[in-house]
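Structure record follows, encoded as structure tokens.
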Amino acid sequence: QVQLVESGGGLVQAGGSLRLSCVASGLTFSHYAMGWFRQAPTKEREFVAAITWSGSDTYYADSVKERFTIARDNAQNTVYLQMNSLKPEDTAVYYCAAAHYTRRDYYTARQYNYWGQGTQVTVSS
């Protein structure tokens, strides 16, 4: 059974930082690109960041570039999202997702095979 488990969410003040983690099990982790998406109340789920199976390339939404960093540790089956300079508009449930390496449209949620349950990030002003 494939399972993605996010952690690291919480409540922070604007300008603060959080590091999200996602631990995967039940799949060959190095065969999957990994992505982070987020969904705020009343909004559609949106792409945040992605990293290729080897970690050789990363991709970011314009709204988070220069503030967020995605990384992976294939030995630990874990992907991270380091979030700095957080803004209230970053408040959302953040989801980890896995896309088999044959799927390469990393910006599109439907390209991902598996999803975690999400972790809440709340940024206060």
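Summing +1 for each Lys or Arg and -1 for each Asp or Glu, what net charge is found among the other residues whose Cβ lies under 13 Å from the Cβ of Val64?
Neighbourhood net charge equals -1.
Mind telling me which of Gln39, Gln76, Gln111 comes out most flexible in a GNM of the chain, alpha-carbon contacts under 10 Å?
Looking only at Gln39, Gln76, Gln111, the largest GNM fluctuation is found for Gln76.
Run through every distinct alpha carbon pair of the chain and return the Kirkwood hydrodynamic radius in angstroms, one decimal place. Spell out each step's value before the answer.
Working: mean 1/r = 0.0704 Å⁻¹.
Value: 14.2 Å, from the Cα pair sum.
Compute, for the chain, the length of the dipole vector about the Cα centre, with Cβ point charges of +1 (Lys, Arg) and -1 (Asp, Glu) only. Units Debye, rounded to 20.
100
In a shell of Cβ-Cβ distance under 11 Å around Phe47, excluding Phe47 itself, what net charge do Lys and Arg (+1) and Asp and Glu (-1) give? Present the calculation step by step, with values, prior to reporting the outcome.
Working: positive: Arg38, Arg45; negative: Glu44, Glu46, Asp62, Asp105.
My count for the surroundings of Phe47 gives -2.
If we count every other residue with Cβ under 12 angstrom of Gly16's Cβ, Lys/Arg +1 and Asp/Glu -1, where does the sum land?
That sum, taken over residues with Cβ under 12 Å, equals +2.
Could you list the GluC sites (Glu not before Pro) in segment 1-71 that lie in coil according to DSSP, counting only those with at most 14 other Cβ atoms within 10 Å of their Cβ?
Counting only loop positions with at most 14 other Cβ atoms within 10 Å, the GluC sites (Glu not before Pro) in segment 1-71 are Glu44, Glu66.
Taking a probe of 1.4 Å, how large is the accessible area per residue of segment 1-115, in Å²?
The answer is 53 Å² per residue.
Rounded to the nearest percent, how much of the accessible area of the chain (1.4 Å probe, protein heavy atoms only) is carbon and sulfur?
Carbon plus sulfur share of accessible area: 43 percent.
The values are calculated or read from the model by the stated rules, or taken from the named source; none is laboratory data. Keep in mind the model is a prediction, meaning the values are calculated, not measured. Cβ atoms come from the backbone with ideal geometry, glycine included; neighbour counts cover every protein chain shown. With ligands, DNA and RNA removed, areas are computed over all heavy atoms of the protein, side chains included. Shrake-Rupley method; radii C 1.70, N 1.55, O 1.52, S 1.80 Å.
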